[in-house]
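Asker: The structure's right below; bear with me while I get my questions together.
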Amino acid sequence: MLTVASLLGTALAPYLLVKSPLMLVALSPAAHHVALAAATVDPWLLISVATLRRALMGLASYGLGYLHGRATIEWLQLRHPRLGQLVGVVERLFARFGIALLVLAPIPTVAVLAGAARSRLVPFLLALTVGLALWLKLTQHVGDAFARRTDLLTAFLDEHLLESTLVCLAVVALQQGISRWLRNRRARLSNTVG
């Protein structure tokens, strides 16, 4: 559900940035969306909504790790081979620093590892929330520094709202189609080899 919301937010990003930047962040709290919304949204509201939305994704990742343990990490490595190379590094860092790593790197991969390690939920949520709020404050600050340029972009998008939104929708649909095609192709190749 959260992934679908993120895709929807990304696909409608031009429209949402112009008409409802906070909704854009609520649907898709990607760093670039937060930075773009910083020009027009109250900082505390922006950081609160983005932190809550990202914390939901972190909690879902924690739950996957908690329920499925090491199998979740192996699935992640198979589905995203490039990310799989980094998982070993992140695992070693997590083994050394535990959930405190979430303050520096509040990312889903660390949340999965925290769940797989059966970390306690309340300290996990505290570390995740602190880490997210710090990173999002930094992102908001960068976005605020570029507010004049963001205003120019928003004005351009407003003038070409239909066209820019259709292009964004097409790009997201194309990316999803290619991703699905490659995934199916890999599955077919592994079935013929195995």
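The values are calculated or read from the model by the stated rules, or taken from the named source; none is laboratory data. On a predicted model such as this, the values are computed, not experimentally measured, just so you know. Note: ideal-geometry Cβ built from the backbone for every residue, glycine included; neighbour counts use all protein chains shown. Areas reflect the complete protein model, heavy atoms only, side chains present, ligands, DNA and RNA absent. Shrake-Rupley method; radii C 1.70, N 1.55, O 1.52, S 1.80 Å.
Asker: Given the -39500 (n - 2.57) contribution per DSSP H run of 4+ residues, what per-residue ellipticity at 222 nm results for the chain, rounded to the nearest 500 deg cm²/dmol?
Answerer: -28000 deg cm²/dmol
Asker: Would you work out the relative contact order for the chain, in percent, from Cα pairs under 8 angstrom that are 6 or more residues apart?
Answerer: Relative contact order of the chain: 31 percent.
Asker: On to the next question. Cα centroid distance between region 89-108 and region 130-194, in Å?
Answerer: Between the Cα centre of region 89-108 and that of region 130-194, the gap is 26 Å.
Asker: In nanometres, what is the gap between the two model label sites at Leu45 and Trp181, each 7 Å from Cα along Cα-to-Cβ?
Answerer: Taking the two extended label points, one gets 4.2 nm.
Asker: Turning to a different aspect of this structure: Taking the mean number of other Cβ atoms within 10 Å as a proxy for protection, how do you rank 111-120, 35-44 from highest to lowest?
Answerer: 111-120, 35-44
Asker: Follow-up question, since we're still on this one. Where nothing but the Cβ of Lys and Arg (+1) and of Asp and Glu (-1) is charged, how large is the charge dipole of the chain around its Cα centre, in debye to the nearest 20?
Answerer: Rounded to the nearest 20 debye, it is 920 debye.
Asker: Sticking with the crude label model, points 7 Å out along Cα→Cβ, report the distance from Asp151 to Leu134 in nm, one decimal please.
Answerer: With each label point 7 Å from Cα toward Cβ, the separation is 3.3 nm.
Asker: Here is a further query. Quick one: if you stick a label point 7 Å off each Cα along the C-beta vector at Leu125 and His141, how many nm between them?
Answerer: Distance between the two pseudo-spin positions: 2.8 nm.
Asker: Below 8 Å, C-alpha to C-alpha, sequence gap of six or more: please give me the relative contact order for region 87-126 in percent.
Answerer: 41 percent
Asker: Would you work out what percent of the accessible area of region 67-127, with all protein chains in place, is carbon or sulfur (probe 1.4 Å)?
Answerer: Solvent-exposed carbon and sulfur of region 67-127 make up 67 percent of the total.
Asker: Multiply the residue separation of Leu52 and Arg70 by 0.36 nm, subtract the distance between their alpha-carbon atoms, and state the gained length in nm to one decimal.
Answerer: Gain on stretching Leu52 to Arg70: 3.8 nm.
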